[in-house]
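This report refers to the structure that appears directly beneath it.
The values are calculated or read from the model by the stated rules, or taken from the named source; none is laboratory data. A quick note: this is a predicted structure, and the numbers were derived from the prediction, not measured. Every residue, glycine among them, receives a Cβ derived from its backbone with ideal geometry; neighbour counts consider all protein chains shown. Side chains included, ligands, DNA and RNA excluded: accessible areas come from the protein's heavy atoms. Shrake-Rupley method; radii C 1.70, N 1.55, O 1.52, S 1.80 Å.
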Amino acid sequence: MEKFCSFLTSKLVQNKVIVIDDYNIYKYGFEALFSTLLGILTAFVIGLLTQRLLWVAVFFACFASLRSQCGGYHAKTVLRCKLSFGTAIFLNIFFTYLTRDMDMLFGLPLFVIGLGVIIALAPADREDKDMDQSEKRKHKILSLIIFALWTAAGVIMYFNAPEFFWVIGWAIFSASALLLFNYFYTRRKKHEA
């Protein structure tokens, strides 16, 4: 995908649509756009194949909104990223299917663990972006607001469509698991250096 985005951006420069000084900005924009579209396509295909398109849509919205503010582990390649994301979707469907008839009390630990991890670790430090304290504070507050909104939606959904309580719970758990994984991964990398 990186080569394709480089090719596309080079064509824009050659055709004088953009100036060479903006090359990296456009290339990054194309990479972000195509990566997002690939994620949406991955989710859509999995939703169709499993006949759980609505579950996948809710998972995607919850997971993506949390990840956009919390951060977490980022795979080194687009392929690994999409494979990880696809695996997370399949696991969400699988665990939702297993737990959808259980009482809400059994699902509350998913939300409590998610909240604890978000409070302790969000936003995750990134190698490619330094954040100052005010930016970190902003992302933490937004993470907690998004968490609260999804938790409220999950509790409300429980009384009408309980499977969506579980989809949301597992999505929150998945996002917090990636935060936790990133924490231990970056600590190990620092100790090895």
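Results, tabulated for the structure shown:
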read-out	value
Pairs with Cβ under 9 Å, 6+ apart, first in the stretch 3-32 and aliphatic (A, V, I, L, M), second surrounded by 11 or more Cβ atoms within 10 Å (Cβ to Cβ) and not in a helix (DSSP H, G or I)	12/18; 25/18
Selection from the stretch 135-173 of residues that are under 25 Å from residue 74 (Cα atoms) and either open to solvent by 80 Å² or more (accessible area, probe 1.4 Å) or among the acidic types (Asp, Glu) (or both)	135, 137, 138, 145, 149
Segments classed as helices (runs of 4 or more DSSP H), wholly inside the stretch 1-114, with at least 2 members that are touching a Pro at 6+ places or on another chain (Cβ under 8 Å) and open to solvent by less than 80 Å² (accessible area, probe 1.4 Å)	53-70
Subset of the stretch 125-134 [open to solvent by 80 Å² or more (accessible area, probe 1.4 Å) and modelled with pLDDT under 90]	125, 126, 127, 128, 129, 130, 132
Some residue of the stretch 101-124 being among the charged types (D, E, K, R), over 28 Å from residue 38 (Cβ atoms) and either under 16 Å from the mean Cα position of the chain (by Cα) or modelled with pLDDT under 95 (or both)	yes
